[in-house]
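Just below is one structure, and these are the notes that go with it.
The values are calculated or read from the model by the stated rules, or taken from the named source; none is laboratory data. None of these values were measured; they are calculated from a predicted model. Because the Cβ atoms are built from the backbone with ideal geometry, glycine has one as well, and the counts that use them run over all protein chains shown. We work out accessible area using only protein heavy atoms, side chains counted, and drop any ligands, DNA or RNA first. Shrake-Rupley method; radii C 1.70, N 1.55, O 1.52, S 1.80 Å.
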Amino acid sequence: MSLTAKDKDVVRAFWSKVSGKKDDIGADALNRMMIVYPQTKTYFSHWKDLSPGSAQVRKHGSTVMKAVGDAVGKIDDLSSGLLNLSELHAFTLRVDPVNFKILGLNIEVVLAGMFPNDFTPEVHVSMDKFLAALARALAEKYR
């Protein structure tokens, strides 16, 4: 499922509308991921507070969404654009790549909830394809 030129345009336009709320999106998506998929908490066991809205969850949610925004800017070559993040997650953090897909799904849920009028079926399809491509790019160094 590759991103078409139209998908890329839709993702860029939607991101320009929602990026101002990226910190809230990231915090909510990370909170949801840890609640719905509690096994993902193992990667954050060194944090003192994993509760929803904690400073560490909010900070990492912000970091994740900043990376998503960077990926939007690198949408034409995600593999090269996300190479350093792929290496970090594969070799240093050793995150199971299935978690990139899980987080992507949670980001979509949050986007749909926060922006119901803007998250049209067309946007949904394009964002789904983009977040799947982002997850594949992050998993590059696992192969």
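Looking at the stretch 52-136, which trypsin sites (Lys or Arg not before Pro) are in a loop (DSSP not H, G, I, E or B) and have at most 16 other Cβ atoms within 10 Å?
Numbers: sites: Arg58, Lys59, Lys66, Lys74, Arg94, Lys101, Lys129, Arg136; in loops: Lys74, Arg94.
Hits after loop and neighbour filter: Lys74, Arg94.
What number, in nm² with one decimal, is the all-direction average of the projected area of the convex hull of the alpha-carbon atoms of the stretch 49-114?
Numbers: hull surface 21.2 nm².
Average projection, Cα convex hull of the stretch 49-114: 5.3 nm².
Which FRET efficiency value, to the nearest 0.05, is calculated for Ala13 and Phe44 with the Förster distance at 41 angstrom and r the Cβ-Cβ distance?
Details: r = 33 Å, r/R0 = 0.80.
Approximately 0.80, to the nearest 0.05.
With a point put 7 Å past each Cα toward its Cβ, work out how far Phe115 is from Ala67 in nm, to one decimal.
In this crude label model, Phe115 to Ala67 measures out at 2.0 nm.
With Rg/Rh (Cα atoms, Kirkwood Rh) in mind, check (i) 1.09; (ii) 1.02; (iii) 0.95 and report the label derived from this structure.
(iii)
Run the Debye formula on the Cα coordinates of the stretch 1-80, all scatterers equal and no solvent, and tell me log10 I(q)/I(0) at q = 0.20, 0.21, 0.24 1/Å.
The Cα Debye sum returns log10 ratios of -0.90, -0.94, -1.06.
Tell me the mean residue ellipticity at 222 nm calculated for the chain from its helices only (DSSP H runs of n ≥ 4, each -39500 (n - 2.57), averaged over every residue, nearest 500). Intermediate results must be reported in sequence, preceding the final value.
Numbers: 7 runs with 92 residues, N = 143.
That comes out to -20500 deg cm²/dmol.
Measure off 7 Å from each Cα along the Cα-to-Cβ vector at Glu122 and Glu87, then give the distance between these two points in nanometres to one decimal.
4.0
R0 = 35 Å: FRET efficiency of Ala55 with Lys6, Cβ-based, nearest 0.05? Numbers along the way, then the final one.
Working: r = 39 Å, r/R0 = 1.13.
Plugging the Cβ-Cβ distance into 1/(1 + (r/R0)^6) gives 0.35.
Filter Lys8/Lys101; Lys8/Lys41; Lys6/Lys101; Lys21/Lys129; Lys41/Lys66; Lys17/Lys48 down to the pairs with a C-alpha to C-alpha distance above 30 Å, please. Walk me through the numbers on the way to the answer.
On the way: Lys8/Lys101 19 Å; Lys8/Lys41 32 Å; Lys6/Lys101 22 Å; Lys21/Lys129 21 Å; Lys41/Lys66 21 Å; Lys17/Lys48 34 Å.
With Cα atoms farther than 30 Å apart: Lys8/Lys41; Lys17/Lys48.
Using the Cα centre of the chain as the reference point, and only Cβ charges (+1 on K/R, -1 on D/E), how large is the resulting charge dipole? Debye, rounded to the nearest 20.
Numbers: 19 positive and 16 negative charges, 61 e Å.
Rounded to the nearest 20 debye, it is 300 debye.
Which one, Gly104, Gly20, Gly53, has the greatest fluctuation when you compute a Gaussian network model over the chain with C-alpha springs under 10 angstrom?
Gly20
With a 1.4 Å probe and every protein chain kept in, tell me what percent of the accessible surface of the stretch 50-143 is carbon plus sulfur.
Values: 2750 of 4810 Å².
Ligands and nucleic acids excluded, carbon and sulfur give 57 percent.
Using a 10 Å cut-off on Cβ atoms, rank the peptides 81-93, 23-35, 111-123 from the highest mean neighbour count down. It would help to have the intermediate numbers written out before the result.
Working: 81-93: 15.5, 23-35: 21.1, 111-123: 13.7.
Result, highest mean first: 23-35, 81-93, 111-123.
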